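Data first, discussion second: the structure below is written as structure tokens.
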Amino acid sequence: MKNKLTLSIFLALILGIATGFYCNVNSTLPGVAGFVEFIPILSDIFLNLVKMIISPLVFATLVVGVAKLGDLNAVGRIGGKTLLWFLSATFVSLFLGMILVNLFEPGKMMALTLPPETASTGIEKAALSVKEFIKHVFPKSIFEAMAKNEILQIIVFSLFFGIGTAAIGEKGKGVIKAMDALADVMLKVTGFVMNFAPFAVFGAMTAVIAQQGISVLGNYGIFILEFYFGLLVLWIILISAGAAVIKKRVFSLLKHILDPVLIAYTTSSSEAALPKTIQQLEKFGCGNKIVSFVLPLGYSFNLDGSMMYMTFASLFIAQSYGITLSIQEQISMLLVLMLTSKGIAGVPRASLVVIAGTLSMFHIPEAGLLLLMGIDPILDMGRSATNVIGNSIATVVVSKWENELKPE
């Protein structure tokens, strides 16, 4: 079944590129414009279906994971190990992006003049203040948080709910059983939704190529290649770190998460791959309570691909306008991004929202984001796939540290 889905996704990817190229070349033919306008509905439907299951799935799995840990000491111990890995991976990702963009200097080839300060990108800024971030973490209503798919807020409520369930002892066993059943139901629904993934892939690729053409790859080819080289380096670092803990099993892990990585890549959404990732990690041998605890946290604290992109893109824009930032300013930007990126949604273009709120702090024109809008779907594909790899390796490592990693 897994191989069939992988093959279907690959075929849909190729067919989408071919169809998009045909539509782009023959855009004046009757009906082509209407088809191009309509076809993204396939990926929109898929993403909506995924968003439909994310909140109940994260809530149920995290409550079960925390409740099964049994006590606050276990939650603190596992949480501490998890956050240590997440913060280390985040810093490495951001720092790698900063090093590579300074090494390659892709923005210098643009040589643009500074735009008016009032130029708008049309992208809403993310709040930067520590006060607003902390306030946002805690939900005033779990129903509002679920309706908006605020993963970080759902996690906070689920942690309290799970700890409370464990604290009432025998009375809580019924709740755990009910949440376990809910998680099983949502994973079954996930299987139904994933069958639609190839259609979503076809729709997404057709729309991107039809609207922007194959030339979109050529216009920013150097930037794209350099960024994807950076992702490759990051993959090697993450996989090597995982191999240091689980040895040769890391290669088996990569096979298991191939489908989620492909889903994230072709839909530009690491969130879309979350349900499938949960399934595959449990098949790999990770303990259910570890997967249920670590993976949802990773979607707020450990988006490695997005982290690297933020420093890469921010400094690219500065270079494009001839703005030179000192090492101290670049380090400050890195620390700001470490804070403001936490809780970022694993959905398309979420990274741009955070970048938009960071540029003005360093007197970089926010309108510079328009430089990347045309190729952002292609960049988003790579960073979303990297997010899935980073979170999967983090979950397996914590499972190993807790002696919860079983044979496949």
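Readers should treat all values here as calculations from the given coordinates under stated rules, not as data from a laboratory. Treat the numbers as computed from the prediction; the structure is a model and nothing was measured. Cβ coordinates were reconstructed from backbone atoms using ideal geometry, including for glycine residues, and neighbour counts include every protein chain displayed.
Over the chain, what is the relative contact order in whole percent, taking alpha-carbon pairs under 8 Å and six or more residues apart?
32
What is the angle, in °, between the Cα long axis of helix 288-301 and the longest principal axis of the Cα atoms in the chain? Nearest 10 is fine, range 0 to 90.
For 288-301 against the chain, the angle is about 30 degrees.
Please get the size of the charge dipole for the stretch 2-401, origin at its Cα centre, with Cβ charges of +1 on Lys and Arg and -1 on Asp and Glu, quoted in debye to the nearest 20.
1440
Taking every pair of alpha-carbon atoms in the stretch 246-322, what share in percent sits in each 5 Å bin, from 0 to the bin with the longest distance?
3, 13, 19, 22, 18, 10, 6, 5, 3, 1, 0
Given the DSSP H assignment, sum -39500 (n - 2.57) over each helix run of at least 4 residues in the chain and divide by its residue total; what's the result at 222 nm in deg cm²/dmol, nearest 500?
One gets -24500 deg cm²/dmol as the mean residue ellipticity at 222 nm.
Rounding to the nearest 10 and keeping the result within 0 to 90°, find how far the Cα-based axis of helix 221-246 lies from the longest principal axis of the chain.
20
Starting from 0.36 nm per residue, how many nanometres of slack lie between LYS406 and MET361 once their C-alpha separation is accounted for?
That works out to 11.5 nm of additional length.
Quick one: net charge around SER320, please, counting Lys, Arg +1 and Asp, Glu -1 for every other residue with C-beta under 11 Å from its C-beta.
For residues surrounding SER320, the net value is 0.
Relative to the first principal axis of the alpha-carbon coordinates of the chain, what is the inclination of helix 72-104, with its axis defined by its Cα atoms, in degrees from 0 to 90 and to the nearest 10?
It works out to around 10 degrees.
Under 5 Å between amide hydrogens, which residues at least 5 positions from CYS286 or on another chain qualify, with H placed 1.01 Å from N in the peptide plane?
Long-range HN contacts for CYS286: LYS406.
If you count, for each residue, the other Cβ atoms within 10 Å and average over each peptide, how do 90-97, 41-48 line up from highest to lowest?
Answer by packing, highest mean first, reads 90-97, 41-48.
May I ask which residue of VAL245, LEU100, ILE53 lies farthest towards the positive end of the charge dipole of the chain, with charges of +1 (Lys, Arg) and -1 (Asp, Glu) on Cβ and the Cα centre as origin?
Comparing the listed Cα positions along the dipole, VAL245 ranks first.
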